[in-house]
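The values are calculated or read from the model by the stated rules, or taken from the named source; none is laboratory data. Bear in mind the structure is a predicted one, so any value in this text is a computation, not a measurement. For neighbour counting, all protein chains shown are included, and Cβ atoms are generated from backbone atoms with ideal geometry for every residue, glycine included. Ligands, DNA and RNA are stripped out before the accessible areas are found, and what is left, the full protein with its side chains, is counted by its heavy atoms. Shrake-Rupley method; radii C 1.70, N 1.55, O 1.52, S 1.80 Å.
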Amino acid sequence: MQGRSLQCAMPATHDLGYRLLFAHPELVRELVTDFTSFTLLNDVALSAFERVNPAYVSDHLSARQDDIVWRVRLGDEFLYVYILIECQSGVDRWMALRMQTYIGLLYQDLVKGHELSPGLLLPPVLPLVFYNGVPNWSASMDLSGLLMQAPDELAALQPSQRYVLIDQQRLDKTALEANASLLALLFRLELSAAPDVLYEVMPALTTWFAAAPQANLRRSVQVWINALLARGASERALLVVGNVEEDADMKGKLDIWAEEFEEIGFQKGSAEGMAKGKAEGKAEGQLAALRGVLGSLLRIKFGDVPELVMKRIDQAPEAELHRWIEHSVNAPTLPAIFGRDAAPTQGQSG
C-alpha cells in the first residue's frame with residue numbers, strides 16, 4: 001500500500017493560515033506541481049488524496065499532532081510518498097537532521113501499522129521545506145553538510161538525507177505572475193507591494209471567489225488573508241470579516257481587504273507595514289486580528305459559536321488567544337477547547 005503526505009508545523013498565527021491551506025488537496029497538489037521540479041502529482045485526481053492521522057511517536061519524542069499528512073493513490077497501487085513540510089520563519093541549521101528524524105518516525109509508524117508494500121518495502125519520501133522568512137536560507141540541504149568528515153573506510157556507512165526547499169520570498173516574480181493557480185495568487189498577495197495587490201491580485205481573487213464551488217476552501221482562504229493582515233495590523237483592527245459563513249458580499253469584503261492592504265503598505269518581507277503606527281495601537285490591532293482569526297477558524301470547524309465562547313474570546317489576552325488558536329487546529333469539539341461554555345445547551349453561565 002502506498003500514498004503521499006504533507007507535514008506542517010507552524011506555530012505563528014499566519015503559519016496557522018498556511019496549515020489550513022495545506023489541509024486542502026488542491027493546494028497540496030499545486031505546491032508540488034507549481035513550486036518544485038517534480039511531476040509525479042501533475043495528473044493525479046483530487047479524489048486520490050486522503051488525509052491521514054500523523055500521531056506517530058518514538059520512545060523519546062512526543063506525537064507531532066500538528067502535522068498535515070496526506071496519502072495519494074497512483075494508478076492501481078497505493079504508494080506512500082510522504083511530503084514533509086516544515087514552515088519556517090527563520091533558518092534552522094539542523095533542518096536536514098530534523099527531516100531524517102521525521103522520516104524515521106513515519107517509517108516506524110508504517111511498520112507498526114503493517115502499511116507496507118506486498119514486498120514489505122518502505123516507500124519513497126519527498127521531504128519539502130516551505131520557507132517564508134526574510135533572511136536567505138543558509139542551512140545545509142544535505143545531512144552530510146552537518147557531519148564531520150569520516151575516514152575513507154567509514155564514508156559509505158554515514159547517513160544521508162536531503163530535502164527540497166521552497167523559498168517563498170525568493171520565488172521568481174515573472175514566473176509567479178504568469179502562474180494562474182490559487183496558491184500562486186496567495187503568494188503574490190503576501191509578496192507584492194500595495195499597488196500590485198490593489199490593481200492585480202485582488203481583482204483576480206474576486207474572480208476566484210466568484211467561481212470557487214468549495215465553501216471550505218473559500219473559508220480557509222479568508223482565514224489566511226485575515227492572518228496575513230494581522231501581521232500588519234496597526235492603529236485599528238484590520239480584521240473586518242467576522243462570520244466566514246456569510247459569503248454573500250464577498251466582493252465587498254475583498255474591496256475592504258484591498259483598502260487595508262493599501263493602508264498598511266504591505267511590502268515584500270512584511271516590514272514596512274508593521275513599522276507604521278504606534279506601538280500601543282499596533283498591539284490593539286494585533287489583539288483584534290487574533291480574535292478575528294480564532295473566530296473564523298472555529299466557525300470553519302464547528303459552525304455556530306456560542307455567545308459565552310465569543311465573550312471569552314473578546315476578553316482574552318494575547319497569550320490565551322494564541323493557545324486557543326493552536327489547540328483549535330486539532331481539537332475534536334468546542335468543549336475540548338473551552339469547556340462547558342461551549343456545550344450545546346441554552347442558558348449557560350460562565
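From the residues in segment 205-217 that are free of Cβ contacts under 8 Å to residues at least 40 places away in the same chain and open to solvent by less than 40 Å² (accessible area, probe 1.4 Å), which one is nearest to residue 297 (Cα to Cα)?
Within segment 205-217, the first condition is being free of Cβ contacts under 8 Å to residues at least 40 places away in the same chain, and the residues that meet it are 207-208, 211-213, 215.
Of the ones still in play, those that are also open to solvent by less than 40 Å² (accessible area, probe 1.4 Å) are 212, 215.
Working: 212: 19, 215: 13 Å.
Ranking the qualifying residues of segment 205-217, first place goes to 215.
Residue-by-condition table, conditions (1) closer than 21 Å to residue 21 by Cβ; (2) at pLDDT 75 or above:
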position	(1), (2)
280	no, no
295	yes, yes
304	no, yes
310	no, yes
321	yes, yes
334	no, yes
348	no, no
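From the set of residues in segment 147-166 that are within 30 Å of residue 34 (Cβ to Cβ) and not β-branched (Val, Ile, Thr), which is nearest to the chain's Cα centre (by Cα)?
Kept after step one, since they are within 30 Å of residue 34 (Cβ to Cβ), are these residues of segment 147-166: 160-166.
Still in the list and also not β-branched (Val, Ile, Thr): 160-163, 165.
Numbers: 160: 27, 161: 24, 162: 22, 163: 18, 165: 15 Å.
So the residue we want is 165.
Among the strands (runs of 3 or more DSSP E) confined wholly to segment 65-142, which include 1 or more residues that are aliphatic (A, V, I, L, M), over 21 Å from the mean Cα position of the chain (by Cα) and modelled with pLDDT under 85?
Numbers: elements: 69-74, 77-79, 81-85, 125-131.
Filter on segment 65-142 gives 69-74, 77-79.
I need every pair where a residue in segment 144-158 that is under 24 Å from residue 93 (Cα atoms) has its Cβ under 8 Å from the Cβ of a residue that is of a type in the set (Gly, Ala, Ser) and assigned to a helix (DSSP H, G or I), sequence separation at least 6 or different chains.
Close Cβ pairs (under 8 Å, with a partner that is of a type in the set (Gly, Ala, Ser) and assigned to a helix (DSSP H, G or I)) amount to 145/96; 146/96; 158/144.
Residues in segment 29-46 that are part of a loop (DSSP other than H, G, I, E, B), open to solvent by 20 Å² or more (accessible area, probe 1.4 Å) and of a type in the set (A, V, I, L, M): how many? Write out each step before concluding.
Within segment 29-46, the subset part of a loop (DSSP other than H, G, I, E, B) is 36-45.
Checking the rest, the ones that are also open to solvent by 20 Å² or more (accessible area, probe 1.4 Å) come to 36-40, 42-43, 45.
After this cut, where a residue has to be of a type in the set (A, V, I, L, M) as well, the list is 40, 45.
Here the count works out to 2.
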